[in-house]
1. Going by Cα centres, the range B:119-155 and the range B:175-208 are how many Å apart?
2. Order B:18-24, A:199-205 from most to least packed using the mean count of other Cβ atoms within 10 Å.
3. Find the relative contact order for chain B and round it to a whole percent, using C-alpha pairs within less than 8 Å whose residues are 6+ positions apart.
4. How many Cβ atoms of partner chains, on average, are near each residue of B:78-88 if near means within 10 Å of its Cβ?
5. I'd like the mean, over residues of B:103-116, of how many other protein chain beta carbons sit within 10 Å of each residue's own Cβ.
6. Per the helix-only calculation at 222 nm, which mean residue ellipticity applies to chain B, given -39500 (n - 2.57) for every DSSP H run of n ≥ 4 and division by its residues, nearest 500 deg cm²/dmol?
7. So how tilted is helix B:106-120 from the main axis of chain B? Cα-based, degrees 0 to 90, rounded to 10.
8. What does the structure give for A:12-23 when I average, per residue, the other chain Cβ atoms found within 10 Å of the residue Cβ?
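The values are calculated or read from the model by the stated rules, or taken from the named source; none is laboratory data. Since this is a predicted model, take the numbers as computed values, not measurements. Cβ sites come from the backbone with ideal geometry, for glycine too, and all protein chains shown count toward neighbours. Side chains included, ligands, DNA and RNA excluded: accessible areas come from the protein's heavy atoms. Shrake-Rupley method; radii C 1.70, N 1.55, O 1.52, S 1.80 Å.
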Amino acid sequence: MTAPALPRHRSAALAESLVLVGRSVRLSRRDVETLVMAIALPLLMMALFVYVFGGAIETGGAYLTYVVPGIVLLCVGFGAAATAPAVADDMGRGMVDRLRSMPVAAAALVTGHVVASVARNALATGVVVAAAIAMGFRPDAEPLEWAAALGLLLLYVLALSALAAGLGALASSVQSASALTFFMLFLPYLSSAFVPTGTMPAVLRAVAEHQPITPVIETVRGLLTGAPIGSAGWAAVLWCVGLLVVSSGFAAWAYRRRTRR
Amino acid sequence: MLVDVDALVKNYGSRRVLDGVSFAVPAGSVLALLGPNGAGKTTTVRILSTLTRPDGGSARIAGHDVVRSPMAVRGLISLTGQFAAVDERQTGRENLEMIGRLRRLGRVGARRRAAELLDRVDLGAAADRFVETYSGGMRRRLDLAMSLVVPPAVLFLDEPTTGLDPVSRSTMWTAVGELVRDGTTVLLTTQYLEEADRLADRVVLIDGGRVAAEGTPEELKSRLGGERLLLAFPDGPAASAAVRALAADGAACGADALTAVLPSDGGAEHLRRVLDRLHVAGIPVTRVTASRPSLDDVFLALTGAGTQETV
Ligand SMILES: Nc1ncnc2c1ncn2[C@@H]1O[C@H](COP(=O)(O)OP(=O)(O)O)[C@@H](O)[C@H]1O
Ligand SMILES: [Mg+2]
């Protein structure tokens, strides 16, 4: 005896992902501690760098103008990293089994987390930029430059969130998921985010100039404040697209591995 | 057969946790997989609900193979697992509406269905509270409701009442009973003989990854023997006299020389007749205990018999 199975439309995966985006956004909104940290930490860092260290750092211009793009990248890195414990938490509970026993696309759960991460980061970035403007940050970007900067940040956040989602799927616990994303919080310090790379010792400088965050920061900085971008623009786009492709593949692989039947 | 399970094998590492499990569930009936902890009940249910892949054998739901056509199977089943699969930081209503929208009932349809189900599982008053404030019993009921958003052709319930207090347990039994009356096919797992007896049309007794016995609850009970009366006497001669006096009732010597056992229907009338007879015969009784075979007795009896048959 064979009962007719419901036909699945092509749009099914999209519709299911949207429902789970809604879920992840709702859960993020209710995880007040994480949300407050995601906004408060970059604000504190900005105040610290501008008012405490800034005076001693020579960047050839107002330090606030120099540091804001770096703070934004630090902020979104922190926000994206929060995807890892969120995914790990789901993996350790029954909900993932419920979804897997339903006619729901396998990618929908992780997609929900990644898109919710973008929404969280958009909020945090908005708050950080507003605070920077209140502190005297005066971006001179045209609308098109704003759009380009936001587009690049979006790519960057998507890539990091997918990477964090994959790490979260592999992690054995929520705590270890957080630990696995440590490097995401650390990499911005080893870049041109806070000090020009020319001031670093040769080895660190080589690392700093060839890791993805530096070209992304240089590009955002150039777009917002008119500093020269040079080849950083293409490097940033290539890094972000490459990272997005690799980390999406990694996230899909990690989820499949974790839920292997 | 709506559920058809054929010689399932599952290994974890070098351990074989399912070793040729077969059974079938006709549409509209309730089958209980009864077995102690570690018997392989959850593994079986996970294979049937497409979460785990078997290493051997096959299983079909309404003709769809669980390995080859998982999406078709998922459209027909619902699973309420051993641990509640609900979001703590969503309200009961949000949890249900989310499932409704995932099953494409639409926003309005999902809302209406959620309201209906909340009433049905008696969570109307708690509908808009976060699940983290729910008791264990409320969580299970919400979990059950989430499995009913789209009425499934087959409902899997993995230990639906383990860890619940007696009141929540009986509420759950009532809810399952209603589903069954509406014609839902249910496969439930349990460690409790009483639960299988109460809910199931057929029972598959599973132990160590094998089917140890199968039949209706009545058939299984008659194989086990029913309730027994245990009588204690002040001395050996009184005990032997009692066994003789009650021979017609099937009395036999107990574990020691001071006791006698006899089968009983568990009723007060039978007990009174036994005591009257002993009183008339002038045999003093010091203590009377009624006992039912425990699940452990069931397993000892059935797995023991199984070994003897295969040797
Ligand atoms: N993922 C797993 N990895 C290793 N062993 C497992 C796994 N799942 C279950 N087992 C083992 O398989 C056996 C059967 O487990 P299970 O099906 O959960 O039993 P039940 O539900 O009847 O208590 C147990 O001994 C358990 O330890
Ligand atoms: Mg179990």
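1. Going from one Cα centre to the other spans 19 Å.
2. B:18-24, A:199-205
3. It rounds to 19 percent for chain B.
4. 5
5. On the way: counts 6, 8, 0, 0, 0, 0, 0, 1, 0, 0, 0, 0, 0, 0.
Mean shielding count: 1.
6. Helices in chain B give a 222 nm mean residue ellipticity of -12000 deg cm²/dmol.
7. 20 degrees
8. Mean number of neighbouring Cβ atoms from other chains: 3.
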